[in-house]
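Pasting a structure below so you can have a look.
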Amino acid sequence: MKAADIKKIAVIGGSGMIGSGWVTFFLWKGLNVNAYDINDALLQTARERINGNLSYLVEKNIITEEARKKALSKVVYTKELKDSLRDVQFVQECVPEKYEPKQAIVAALDQYGSKEAIFASSTSGLMITEIAKNSKFPERCIGAHPYNPPHLIPLVEISKGERTSAATVQTAYDFFKSTGKEPVILQKEAPGFISNRLQIAVYREAVDLVLRGVCSVEDVDKALSYGPGLRYALMGPNLIFHLGGGKVGLKGLMTHIGTTAEVWLDDMAAWKKWPAGYSDIMQAGVDKEMANRSSAEGKTSEEISRWRDDKLLALLKILNKA
């Protein structure tokens with residue numbers, strides 16, 4: 001199967017933030033979607049979130065009202081798993097982050113779906129080898145991890161299991177690329193994939209700085225967002241360091257600062273278990289940070305999420321991704 005053959009998608013777990021974001025994205029890109037969840041209440045939640053997401057895109061002049069209506073005509077909501085898996089070429093699984101429910105969806109696809117259909121898990125760090133271990137067709141199983149919100153952030157991390165075929169990986173890569181996503185491929189399995197490992201490494205140091213009394217929670221966030229974060233929106237750390245090295249590039253920069261940076265590394269967090277009580281301390285700091293925000297930036301989680309999405313869209317327009 002080629003990427004161009006993918007016309008209809010099943011999103012399994014369509015009511016969650018990730019699932020509803022995926023449904024929104026696929027509809028936005030003109031694909032037909034079966035949105036599955038386990039009961040009517042969750043399907044109603046899915047409808048509300050997807051309608052809200054598409055209406056937001058209309059409000060921001062990303063799509064027209066006509067396009068929104070056309071998109072909504074392409075989704076079928078169902079609580080019948082076997083019906084959702086029939087006649088689809090791609091399955092985006094978004095069930096809870098445990099092996100058993102994900103393995104159950106693989107088994108259902110083996111039973112009810114086409115043997116050609118690709119199974120893509122939205123897992124944020126589980127191993128595809130384990131998810132696909134009981135499948136009749138493990139070669140068609142991959143991870144396709146989005147970043148939240150999936151309908152706005154372009155990244156998709158494609159991971160493969162021991163028996164995933166190269167053809168499946170290439171088809172998935174081509175498919176996501178054709179929709180405007182920016183897929184990256186893990187060459188070997190690694191818990192947490194790429195971005196979450198980078199993210200959690202930064203967060204460990206953020207927690208450690210606060211617990212050691214070096215700075216406040218709010219100042220950690222400001223230091224990252226108004227410093228490296230501005231550059232990270234445009235390029236990754238390797239290219240940033242390369243430019244920082246001027247004519248001598250990354251190699252020259254690291255040769256210059258290497259010994260000094262080793263002093264920093266020696267003083268940085270290396271613990272492997274979260275310190276007792278850290279979450280209470282960090283939550284209190286976040287609460288204070290939110291209270292200090294201006295009304296225009298938002299003070300509640302809902303207001304800040306809206307502010308975030310507005311700014312994300314502005315960035316995506318700069319990057320020609322919206």
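Which of the aspartates and glutamates could be linked to Lys311 by a straight reach, that is with a Cα gap under 18 Å, when you skip same-chain ones fewer than 8 residues away?
Cross-link targets: Glu59, Asp221, Glu297, Glu302, Glu303.
Follow-up. Which cross-chain or sequence-distant (5 or more) residues have an amide H under 5 Å from the amide H of Val156, H modelled 1.01 Å from N in plane?
For Val156, the qualifying residues are Glu182, Val184.
Taking amide H positions as placed 1.01 Å from N in the peptide plane, with prolines and chain starts having none, which residues 5 or more places from Thr123, or on another chain, fall under 5 Å of its amide H?
For Thr123, whose amide H was placed from the backbone, the distant partners under 5 Å are Ala144.
Name the residues of region 154-177 whose amide N is less than 15 Å from a point 7 angstrom out from the Cα of Ala4 along the C-beta direction?
The answer is 171, 174-175.
Report relative contact order for the chain in percent, whole number only (criteria: Cα-Cα under 8 Å, sequence separation at least 6).
Value for the chain: 13 percent.
Sticking with this one: Determine the gain in length on full extension of the stretch Tyr232-Asn148; use 0.36 nm per residue of separation and subtract their C-alpha separation, reporting nm with one decimal.
28.6 nm is the gain from fully extending Tyr232 to Asn148.
Could you order peptides 292-302, 153-163 by the average number of other Cβ atoms within 10 Å of their residues, highest first?
Final packing ranking: 153-163, 292-302.
What FRET efficiency, computed as 1/(1 + (r/R0)^6) with R0 = 41 Å and r the Cβ-Cβ distance, is obtained for Ser225 and Ser73, rounded to the nearest 0.05?
0.55
Can you tell me which of 232-240, 35-43 comes out highest on packing, and rank the rest after it, using the mean Cβ neighbours within 10 Å?
Ranking, from highest mean packing down: 35-43, 232-240.
Now for a different question. Within the P(r) computed for region 1-117, what percentage of the Cα pairs occupies the region above 25 Å?
The calculated P(r) of region 1-117 puts 20 percent of pairs beyond 25 Å.
Right, something else. What is the Cα centroid distance between region 69-105 and region 160-204, reported in whole angstrom?
Centre-to-centre distance over Cα atoms comes out at 21 Å.
In addition: Measuring from label point to label point, each 7 Å out along Cα→Cβ, what is the Gln187 to Arg306 span in nm?
Taking the simple label geometry, Gln187 and Arg306 are separated by 4.6 nm.
Could I ask something else about it? Enumerate the calculated ³J(HN,Hα) couplings along region 105-117 in order (Karplus 6.51 cos²θ - 1.76 cosθ + 1.60, θ = phi - 60°), each rounded to whole Hz, writing x wherever the residue is Gly or Pro.
5, 4, 4, 5, 5, 4, 7, 10, x, 6, 5, 8, 5
At Lys115 and Met254, where each label point lies 7 Å from the Cα along Cα→Cβ, what is the point-to-point distance in nanometres?
Computed distance between label sites Lys115 and Met254 equals 4.7 nm.
If you average 1/r over all unlike Cα pairs in the chain and invert the result, what Kirkwood radius do you get in angstrom?
Hydrodynamic radius (Kirkwood, Cα only) of the chain equals 21.6 Å.
Output wanted: per-residue J couplings in Hz (rounded whole) for region 31-48, from phi through Karplus 6.51 cos²θ - 1.76 cosθ + 1.60, θ = phi - 60°, x for Gly and Pro.
With the stated coefficients, region 31-48 comes to 8, 8, 9, 9, 9, 10, 8, 7, 8, 5, 4, 5, 5, 5, 4, 4, 4, 5 Hz.
We did not get these values from a lab; they are worked out from the coordinates using the rules stated. Note that the coordinates shown come from a computational prediction; the quantities given were computed from them, not determined experimentally. So basically every Cβ, Gly included, is an ideal-geometry build from the backbone, and we count neighbours across all protein chains shown.
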